[in-house]
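Student: Got a structure for you, questions after.
What follows draws every value from the coordinates through simple rules; no lab data is involved. Model, not experiment: these values are computed from the prediction. We place every Cβ from the backbone using ideal geometry, glycine too, and count neighbours over all the protein chains shown.
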Amino acid sequence: MKSSKIFAIVAAALVSVALCAVTVGQEHATAQEVVAKVREAALTLSKTGDLAQFKQKEGPWVWKDTYIFVQDCDKKIMAAHPVRPDLIGLDIAAVKDAKSGKSIFPDPVAYCKSVQESRSGTWNEYWWPKLGEKEPSRKIAFHLSAKGTPYIVSAGVYDDKATIKELSKLSSEK
């Protein structure tokens, strides 16, 4: 009798741990969170000019299944990327869609200009591997200029259904 109670308690604990692990593994950033984090990061970068914080894999700018990355529009390069440090210093036009192999930002001058002129930010979509995965998934990224700097701050959501049109409405709200 005693051993069956212990077995039941241990089994319940293992099921509980397994369910928690599944829940944590399935936690996805929402578009609302991405917009809020990008705005916060752009404001922080505008105030401090410190790129180092955006290169840290373990930090406030990496959460759930996404992260903040920063591009320098004066130099047209990736300035900070917490999970792909190999991209830092790379020409923006050389960053490729993981499915098509085409440049995500084929005209960096036009891209930078459109983001810098937008008060509410811009969105674009491309295919990119999720954190810890090799196969690409559809990613929609939000980009916002860090005022007073040459930097664009970005983060994305992995979503098969959201449209840029509906996300643009979301990011234009205060």
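Student: Could you give P(r) for segment 24-174, binned at 5 Å from zero, as whole percent values over all Cα-Cα pairs?
Tutor: Histogram of Cα-Cα distances, whole percents per bin: 2, 10, 20, 26, 24, 15, 4, 1.
Student: Residues with beta-carbon under 12 Å from that of ILE104, excluding ILE104: net charge, scoring Lys, Arg +1 and Asp, Glu -1? Before the final figure, lay out the partial values.
Tutor: On the way: positive: LYS96, LYS99, LYS102, LYS139; negative: ASP91, ASP97, ASP107, GLU125.
Charge balance in the 12 Å sphere: 0.
Student: In addition: Which order results if PHE105, PHE69 are arranged by neighbouring Cβ count within 10 Å, fewest first? Numbers along the way, then the final one.
Tutor: Values: PHE105 22, PHE69 26.
By the 10 Å Cβ count, ascending, the order reads PHE105, PHE69.
Student: Projected onto the charge dipole of segment 58-174 (+1 at Lys/Arg Cβ, -1 at Asp/Glu Cβ, origin at the Cα centre), which of HIS143, PRO60, VAL70 gives the Cα projection farthest towards the positive end?
Tutor: Value: HIS143.
Student: Separate question: Taking amide H positions as placed 1.01 Å from N in the peptide plane, with prolines and chain starts having none, which residues 5 or more places from ASP65, or on another chain, fall under 5 Å of its amide H?
Tutor: Counting only residues 5 or more places away or on other chains, the set is ALA29.
Student: Another question, if that's okay. Averaging sequence separations of C-alpha pairs under 8 Å and six or more residues apart, then dividing by the length of segment 28-172, give the relative contact order as a whole percent. Kindly include the intermediate steps, with their values, before the conclusion.
Tutor: Values: 273 pairs, mean separation 38.7, N = 145.
Here the relative contact order equals 27 percent.
Student: Pop out the ³J(HN,Hα) list for segment 42-51 in order, Karplus 6.51 cos²θ - 1.76 cosθ + 1.60 with θ = phi - 60°, rounded to Hz; leave Gly and Pro as x.
Tutor: Going residue by residue, I get 5, 5, 4, 5, 4, 7, 9, x, 8, 7 Hz, with x marking Gly and Pro.
Student: Give me a comma-separated list of calculated 3J(HN,Hα) values for segment 143-154, in order, Karplus coefficients 6.51, -1.76, 1.60 applied at θ = phi - 60°, integers in Hz, x for any Gly or Pro.
Tutor: After applying 6.51 cos²θ - 1.76 cosθ + 1.60, I find 10, 9, 6, 8, 3, x, 10, x, 9, 10, 9, 9 Hz.
Student: Another question, then. Please state the charge dipole magnitude for segment 58-121, taken about the Cα centre, from unit charges on C-beta atoms (+1 on K and R, -1 on D and E), reported in debye and rounded to the nearest 20. Mind showing how you got there, number by number?
Tutor: Values: 9 positive and 9 negative charges, 35 e Å.
Dipole size: approximately 160 debye.
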